[in-house]
Structures are given as C-alpha cells and as structure tokens.
Amino acid sequence: MRKWLVMLTVFLLLFPCAAMAEIDLSGMSFDELVALQEQVELAIWNSEEWQAVTVPAGVYEVGTDIPAGRWTIQASDGVYATIMWGDVLDASGVNLDYSGDIYEYEWISSPTYSGYTEGSDKTEVTYDLADGQYFIVDSGSVVFSPYSGITNLGFK
C-alpha cells in the first residue's frame, strides 16, 4: 500500500494539472491518509519554493519530520514559545535526555506577544539540525525559515 501512496504522490507532483483535479480520498483508511499527508508534508519541506513554515507543538525527528539544515526559528506572531533541540530522547519520548551530547532549551517571544520586553526577550535562534536529532516545540508554535545568512533558498 505504501508503494501505491508514493506513486500517487509522485504523480501529483509531476502533473500539476492532475493535482488540481479533485481527488476522492474517501476510500482510504486513516493510516493511509496519515501516510499520504506525511509524504506531502515532506515534499513541501523539500520544495525550493517555500520560505517559511509554522511548526506546532510536538516532537520532531530531524531527517524524518524536519529536513536537516541550518534553520532560523522564531516564535509565531503574538506567541511565546519554548523549544528544545538535542540528540537523545528520554524514556517518555516527549522530552530530551540530559545525557546527550546536545541539549538546548530556549524561550523565544514574538515582538507582538503581549509580554514581550524589547532588549531582554530572545526573538529567534539559529540551529544546525542534523539527521537523527530531535526538535521539540514544548509550548506555542514556531516558524522555521531559511537561515538568513544564505541567499539560496533551496533546502536540498
């Protein structure tokens, strides 16, 4: 079944006119729909056309859920967010383990957040995320965008 979903996704990406046609997904199971959604989201991440994406609270594996690379991460508009980046999850699978080689924990605020204090609140971080690492949005949501130090917006 997974092979079928991959072929469908490739077909949709190669033939934009066909992708614009309405597709009946009602015959697909929940698991098939989730698998298709994951494939489409990864294709969007790897597209050279997008410039930013909002990432909600959750645990993400780099290389699977988020492409490896250098990313500038900001709190979404009007939001205060807590984020973690590291290489080892704890036994719960929802937090980082302190025993890893990388353990970063940050609070970032949007300048439009009601509690924002200019000059003392951090508004963004830049991380070099590598395959197999984890990125956790503990609260709020964040916006991933191309690292501001590069001019090519390609993500490959």
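Here is how the numbers come out for the structure above:
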{"item": "Ordering of 24-31, 87-94, 66-73 by packing [mean C-beta count within 10 Å, highest first]", "result": "66-73, 87-94, 24-31"}
{"item": "Accessible solvent surface per residue of the range 56-113, calculated while the other protein chains remain in place, 1.4 angstrom probe, Å²", "result": "49"}
{"item": "Estimated distance in nm for a label pair at L33 and S120, the labels positioned 7 Å out from Cα along Cα-to-Cβ", "result": "4.7"}
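The values are calculated or read from the model by the stated rules, or taken from the named source; none is laboratory data. What you see is a predicted model, and the numbers here were worked out from it, not measured in a lab. All Cβ positions, even for glycine, are placed from backbone atoms using ideal geometry, and neighbour counts span all protein chains on display. Accessible surface is based on the protein model in full, side chains and every heavy atom, while ligands, DNA and RNA are left aside. Shrake-Rupley method; radii C 1.70, N 1.55, O 1.52, S 1.80 Å.
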